[in-house]
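The values are calculated or read from the model by the stated rules, or taken from the named source; none is laboratory data. Since we're looking at a predicted model, the values are computed, not measured. Glycine also receives a Cβ, built like all others from the backbone with ideal geometry; neighbour counts cover every protein chain displayed. With ligands, DNA and RNA removed, areas are computed over all heavy atoms of the protein, side chains included. Shrake-Rupley method; radii C 1.70, N 1.55, O 1.52, S 1.80 Å.
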Amino acid sequence: MQLAINFKQMESSDALKSYAQEKLDKLDKMLDAPGEANLVLSIEKIRHIAEVNLVSDKLRINAKEEAETMYSALDGLADKVQIQIKKNKEKARRHLAGDKQTIKTTPELESLEK
């Protein structure tokens, strides 16, 4: 995964960069195609904010997390993105599988058969 990290209102840190890279690499394994992520880390007064825009093939994910520390914001952000990836995969799986049970049990067809 290609990762671009931007820091706003704070100094860049190698520890934060490596931690963010580690978190997003775990999410990259869940994606079907190579992804590209833009991560923005910022501080506003006492809020630590992490935002990500992830693009992979037809999948686009935007997430934002606020926390007391930047590490916890990155953890929450990774959880949100993971949930969105799973949700999208489940949606695609259901779409491809079709819902064959409803065709057999529709009330209109039962009334026509009688």
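What's the FRET efficiency of Met10 with Asn53 using the Cβ-Cβ distance as r and R₀ = 22 Å, to the nearest 0.05?
On the way: r = 19 Å, r/R0 = 0.87.
Between Met10 and Asn53 the formula returns 0.70.
Tell me the accessible surface of Ser56 in square angstrom (1.4 angstrom probe, heavy atoms of protein chains only), to the nearest ten.
Surface accessible to solvent at Ser56 totals approximately 10 Å².
With a point put 7 Å past each Cα toward its Cβ, work out how far Arg94 is from Asn62 in nm, to one decimal.
2.4
Of all GluC sites (Glu not before Pro) in the range 1-72, which ones are in loop regions per DSSP and have a Cβ with at most 14 other Cβ atoms within 10 Å?
Details: sites: Glu11, Glu22, Glu36, Glu44, Glu51, Glu65, Glu66, Glu68; in loops: Glu11, Glu68.
Qualifying residues, ordered by number: Glu11, Glu68.
I'd like the carbon and sulfur percentage of the solvent accessible area for the chain, probe radius 1.4 Å, heavy atoms only, ligands and nucleic acids excluded.
Values: 4130 of 8290 Å².
Solvent-exposed carbon and sulfur of the chain make up 50 percent of the total.
Take the eigenvalues of the Cα gyration tensor for the chain, scale each by 5, and report the square roots as semi-axes in whole Å, largest first. Walk me through the intermediate numbers first.
Working: eigenvalues 349, 45, 19 Å².
Computed over the chain, the values are 42, 15, 10 Å.
Would you please give the residues with an amide H less than 5 Å from that of Gly35, counting only those at least 5 places away or on a separate chain, with H modeled from the backbone geometry?
Gln2
What does the charge add up to near Gln2, with Lys and Arg as +1, Asp and Glu as -1, over the other residues with Cβ less than 13 Å from its Cβ? Please report the intermediate quantities before stating the final value.
Values: positive: none; negative: Asp25, Asp28, Glu36.
That sum, taken over residues with Cβ under 13 Å, equals -3.
Using alpha-carbon pairs under 8 Å, 6+ residues apart, how would you state the relative contact order of the range 1-75 in percent? Write out the running numbers ahead of the final one.
Working: 125 pairs, mean separation 21.9, N = 75.
Relative contact order, the range 1-75: 29 percent.
Leaving out ligands and nucleic acids, note down the accessible area per residue over the chain with a 1.4 angstrom probe, in whole Å².
Working: 8290 Å² over 114 residues.
For the chain, the per-residue accessible area is 73 Å².
Given the rule -39500 (n - 2.57) for each run of at least 4 DSSP H residues, summed and divided by the residues of the chain, what is its mean residue ellipticity at 222 nm, to the nearest 500 deg cm²/dmol?
Working: 4 runs with 55 residues, N = 114.
Taking each H run of at least 4 residues, the total per residue is -15500 deg cm²/dmol.
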